[in-house]
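Every read-out reported here was derived from the displayed coordinates using simple, explicitly stated rules and does not represent laboratory data. Note that the coordinates shown come from a computational prediction; the quantities given were computed from them, not determined experimentally. For neighbour counting, all protein chains shown are included, and Cβ atoms are generated from backbone atoms with ideal geometry for every residue, glycine included.
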Amino acid sequence: MAEDLLSLFPPGSTLDATGTLVVGGCRADDLAAELGTPVLVVSEDALRARAREYVGELTSRWGRARVVFASKAFPCTAVQRVMVEEGLGLDVAGGGELLTALKAGVDPALVVLHGNAKSDEEIALAAEHRIGLVVVDNADDVDRIEATMPAGVRQDVLVRVIPGVTADTHSSVLTGHEGSKFGLAPRDAAALVRRIEHSPRMRMRGLHVHVGSQILDVEPLAAAVAPVAALGEFPVYDLGGGLGARYTWADEPPTVAAYAEALVAAARAHLPAEAELVVEPGRSMVATAATTLYRVTTVKRGVTTFVAVDGGMSDNLEVALFQQRFEAGIVGRFDAADSEPATVVGRHCESGDVLVDGVPLSAPRVGDLLAVPATGAYCFTMANNYNGTRRLPVVFVRDGEARLVVRRETWDDLLARDVD
Ligand SMILES: *Cc1c(COP(=O)(O)O)cnc(C)c1O
């Protein structure tokens, strides 16, 4: 039981002699005492190991392959810098993600800009910084690029195609089906490709697909290759992200090796041998590298035992957004025999503000520290100020050293924007 739970924390996490969770060599209770709660704890070694695994598994199978981290899964300079240092490019889906990517030291040529509703300002930023690839989602993107690129400069572009593939994941994170708001149906994509090929402001480099997120099966990801191949031969094919992560012990996501094997097999069957393959993992790159620590604020025993903590949907929207299941444990008592079924809820004014619906906890009481594993993906980026919450800090841990990389918001931060 304790081992099952521990296996969901970043690789290398242990329980010390007192049974206390240790991540990156740092005791969870020490981190909470030093930084307060809630706090998002990231194992830097786990991040780096996963980045290397992706690059190794892909490039060993397809020489002209590269990995770009989908920044939106955890867009802060420190995480983006780790990816840059490990040789990855960065995919960004907004001006702010581009700015932190540049701050992290990325080579602009390795940046890929996405978005189904890119603004004039974002296209102008892309042009100003000469980023590598803009993924065209619609004809308005082409109008904007033509209006923005300086004379004599051509923006390299990919065109996003709807592959017409569905997958067994929540509808909120499904993006490759007919009727998706992202990309163009193959016939419309083909027409836009012809327009781009005649544009003096763009260079048509290839095609892009992205099936969805938290996909726990490689087949739908590989199935998106044939529909793009049918649109013709290009130098670049960007096959998106989408591989699922392990949130609970019931999850058995494919390994990165199995994922790379399936994609490359489809590429060998359908794509030109000399083409460059790009993949854009987000969730599966960062989810299990982090854990959130909360303080238990209230325990209410009735029909249900509600264990309320000092965070919730202001630091983890994954549950409310697509009913992602998480696990949890009381720090220091992962393997207690006297566990009782509990529902972990947040401090916010919504009944939907649930972190874990039904989890055995060891005699929870006020003041306990509660750890929720696998919070590295999309939790930081969707953190919000609901109920006047100050957004949580991010701390990197490695070899027993803790390094604050994003500080907690202050009351002054909150009041600074309120200019009435
Ligand atoms: C969100 C997104 C990704 C990353 O998806 P994950 O499921 O987090 O791996 C990659 N590419 C595009 C275009 C995306 O929108």
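Couple of notes before you dig in:
- Taking 7 Å steps out from each Cα toward its Cβ at E121 and R407 produces label points 2.5 nm apart.
- Across region 324-390, the convex hull enclosing all Cα atoms gives 110 Å³ per residue.
- Working from label points 7 Å from Cα in the Cα-to-Cβ sense, the F306 to N387 distance is 1.0 nm.
- The distance separating the Cα centre of region 216-281 from that of region 310-339 comes to 31 Å.
- Here the translational diffusion coefficient of region 279-419 follows from Stokes-Einstein with Rh set to the Kirkwood radius across Cα pairs; for 20 °C and 1.002 mPa s it amounts to 134 µm²/s.
- Radius ratio Rg over Rh of region 45-285, counting only Cα atoms, Kirkwood formula for Rh: 0.94
- Estimated Rh, region 346-420: Kirkwood, alpha-carbon pairs, angstrom: 15.4
- The lysines within cross-link reach of K181, meaning a Cα-to-Cα straight distance under 17 Å and a gap of 8 or more places when in the same chain, are K118.
- Placing unit charges on the Cβ atoms of the charged side chains and taking the dipole of the chain about its Cα centre, the candidate lying farthest along the positive direction among S60, G242, L35 is S60.
- Placing dummy labels 7 Å off each Cα toward the beta-carbon, the span from E197 to T59 is 3.2 nm.
- The chain: C-alpha pair distances exceeding 31 Å, %: 41
- Alpha carbon centroid spacing (whole Å) that separates region 145-164 from region 167-195: 17
- Of V344, G87, V359, farthest towards positive along the dipole that unit charges on Lys, Arg, Asp, Glu beta carbons give the chain: G87
- Bridge type composition, region 45-285 - antiparallel percent by DSSP, nearest 5: 5
- Length released on extending from H177 to R325, taking residue separation times 0.36 nm less the Cα-Cα span: 50.9 nm
- Rg ratio (alpha-carbon, reference 2.2 N^0.38 Å) - region 240-288: 1.32
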